[in-house]
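Report on one structure; see the data block that follows.
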Amino acid sequence: MIPHAEPPLTDTLRAYEIPEGVRLEFRLAGPVVRACAWAIDAAIRGLLYVLLALGLSLLGGIGVGIMLIGFFLIEWFYPVVFELHKGATPGKQAMGIWVIQDNGTPVSPAASVIRNLLRAVDFLPLFYALGLLSMLLDREFRRLGDLAAGTLVVYRDQPGERKMTAEARVSKPAVELSREEQMVLLAFAERGGGLSSARRIELAELLRDLTGLTGQAAVDRLYAYANWIVRGHAQAASYRAASPPGQAGP
Amino acid sequence: MRQEQFEQEHAELWQALEEQLADLEQPRFKRIQKRMGGPEFPSRYRRVCTHYSLALSRAYSPALQERLHSLVLRGHPHLYRQQTAWRWRILHFVLLGFPRALRRHSSYFWVSLAVFLLPALLVGVGCYQDRDLIYSILDEQTVASMETMYDPANRQPGRAPERSSETDFVMFGYYIMNNIGIGFRAFAGGILLGVGTLFLLLFNGVVLGGVAGHLTRLGYQDTFWPFVSGHGAFELTAIVICGAAGLMLGHALLAPGQRTRLMALKQQAAAALQLVMGAALMLLLAAFIEAFWSSSSLPIGAKYSVAALLWLLVVLYLGWMGRSNRGSH
């Protein structure tokens, strides 16, 4: 396993450096979301059992034989098929999580089979008691099957739609801002659209020392600062003059 | 460089990679690009990786970082997916890989065999001599149903002759579900420090030994032994192999040696999986033999000679298949 770059003690974020020299970040999925995914899968499996039983019982003895083989395959290999194909069972897909190797690559066939064979033990003594215990004791929420297979269950991030502010003005902050401070302003500008206006004003007024403003004016001023961070003054103007219209970024 | 300029310069590339990924993430038959996405994919992906690092180091806005991170995250599995010739690998595994893997871990096999066979022999002999011992292993109903099943007076145990081929198929399905399931559980139980595996081996050994001893004592040997001897070659051997795989897990946890317990467990599990998969194939074959051959009413001589042949086959396959000329494997 690739050693983590000292994650904070209580964080569920795990990062792996890939050959391209950048770090991939994964957020671990905990017991509750995995239990929900399991419940969805259990319902789908139940439905498959019923359909199989209804459809094949019409065929007599051979149908029953095929049905039993089908039961066997669903019991042991339903998750394997989906994990190898899509990285996640339908239940996991619905919950937005998937299975990966603990080095960040997609789950391998061998690992998928191991983690799903060991499901039989995770289930013991009843309703995944051992698996839950193992997940609660392990910092990475791994059940016994995950430990043996070297797999993790993580969230599949869906980046939200980006709403940069409509504020067009550009204003240079009066003081030099550190990187962290700049990031905070950018995050405010990008996520402000999702907040109520009262909350936006409340947040913006925290920086009254910087802006010297209150109310909506403070919000607009912070947006203008963010615009300055993204565009700059002169550079941006000249660049935009040079590029054809309609080619703006997202 | 300011973020806005950076975005305008590279928006086209990001868009292209995004579209390519959306295509690659579809099921194979819907894809435009059947293979990995041509020579542009790796270079596009690597350039976006660079852009992501730049976005981080230049403190561009969180949303842009997030967008580039998501592109890298989505591209990574497509570039580093394991693409293997699985048909060839299965053939290679069946012919060479499985027997070699078993011989590499033969000590586990012998331990597993002992745990299974010694109690079976002990209880078998006990039940052969003592008529009541079987009732301390199985309840009366089970014993009674076993007795009727193998009673020589009952020529076709448990079924009407005209439906025999259909019943055979039902039993085929049942043996697959039941026996391979036992094999898988014997493996999985190994993660409980080997205790689950030991219990399953012991339990199955005691029950099988007891039933065999009891039925022989009743004089049903001519129905019982010809029935079990054929598929037993594959079935019993495979269960012992699954037990060996489970013991490998237990051993890794109890005595990891120089490795951490977790690392030992992961390595042993990967090695043990080969044994389990090979054993599952053997159990599949055993289910076929049991359903369609063992239940047939051929003369005892034919049954025994085929059984002897099957045992010889198993021993030769597991013991000698895939040995190189130098005998190093």
Practice problem: Can you tell me the order of A:186-196, B:275-285 when each peptide is scored by its average per-residue count of other Cβ atoms within 10 angstrom, highest first? | Solution: B:275-285, A:186-196
Quiz item: For the range A:69-197, what is the largest minus smallest coordinate of the Cα atoms on each principal axis, given in angstrom and ordered from greatest to least?
Solution: 70, 30, 28
Quiz item: Label-point separation (nm) for B:Ala114 and A:Glu25, each offset 7 Å from Cα along Cα-to-Cβ?
Solution: 5.4
Quiz item: What is the extension gain from B:Ala308 to B:Ala11, computed as 0.36 nm multiplied by their sequence separation minus the C-alpha to C-alpha distance, in nm to one decimal?
Solution: 99.7 nm
Quiz item: Between B:Glu19 and A:Leu58, what FRET efficiency comes out of the Förster formula 1/(1 + (r/R0)^6) with R0 = 45 Å and r the beta carbon distance, rounded to 0.05?
Solution: 0.45
Quiz prompt | Rg ratio (alpha-carbon, reference 2.2 N^0.38 Å) - the range B:172-291 | solution = 1.19
Quiz prompt | Sequence of B:Tyr108, B:Tyr45 once ranked by neighbouring C-beta atoms within 10 Å, starting from the fewest | solution = B:Tyr45, B:Tyr108
Practice problem: Determine, for B:His251, B:His231, the number of other Cβ atoms within 10 Å of each Cβ, and report the residues in order from fewest to most. | Solution: B:His251, B:His231
Exercise. Please express the shape of the range B:226-329 as an equivalent ellipsoid: the semi-axes are the square roots of 5 times the eigenvalues of the C-alpha gyration tensor, given largest first in whole angstrom.
Key: 34, 16, 9
Self-check item: Spin-label zone in the range B:185-215 - amide nitrogen under 19 Å from a point set 7 Å from the Cα of B:Glu147 along the C-beta vector
Solution: B:207-215
Quiz item: Using a simple spin-label model with points 7 Å from Cα along the Cα→Cβ vector, what separation in nm is obtained for B:Val94 and B:Leu54?
Solution: 5.3
Exercise. Output the Cα-based Rg and Dmax of chain B in Å, rounding Rg to one decimal and Dmax to a whole number.
Key: 28.4, 93
Quiz item: Where q = 0.09, 0.15, 0.18 Å⁻¹, what log10 of I(q)/I(0) comes from the Debye formula for the range A:1-112, counting one point per Cα?
Solution: -0.36, -0.77, -0.96
Quiz item: For labels at B:Gln258 and B:Arg131 in the simple 7 Å Cα→Cβ model, what's the distance in nm?
Solution: 6.3
Quiz prompt | Fewest-first ranking of A:Leu144, B:Leu113, using other Cβ atoms within 10 Å as the exposure measure | solution = B:Leu113, A:Leu144
Self-check item: Rounded tilt (10° steps) of B:106-129 against the dominant C-alpha axis of chain B
Solution: 30
Exercise. Work the Kirkwood hydrodynamic radius out for the range B:3-79: mean of 1/r over every pair of different alpha-carbon atoms, inverted, in Å.
Key: 12.9
Quiz prompt | Extension gain (nm, one decimal) between B:Thr216 and B:Arg31, 0.36 nm per residue minus Cα-Cα | solution = 60.3 nm
Practice problem: Please list, or write none, the lysines whose alpha carbon is within less than 21 Å of the alpha carbon of B:Lys30, excluding same-chain residues fewer than 8 places away. | Solution: A:Lys86
Quiz item: Beyond 33 Å, what percent of the Cα pairs of the protein assembly as shown remain?
Solution: 57
Quiz item: Expressed in nm to one decimal, what extension gain is obtained for the pair A:His85 and A:Val175 from 0.36 nm per residue of sequence separation less their Cα-Cα distance?
Solution: 27.1 nm
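FYI, it's all coordinate maths here, none of it is from the lab. Please read these numbers as outputs of a predicted model, since none were measured by experiment. Neighbour counts are summed over all protein chains in view; Cβ atoms, including those assigned to glycine, are modelled from backbone coordinates with ideal geometry.
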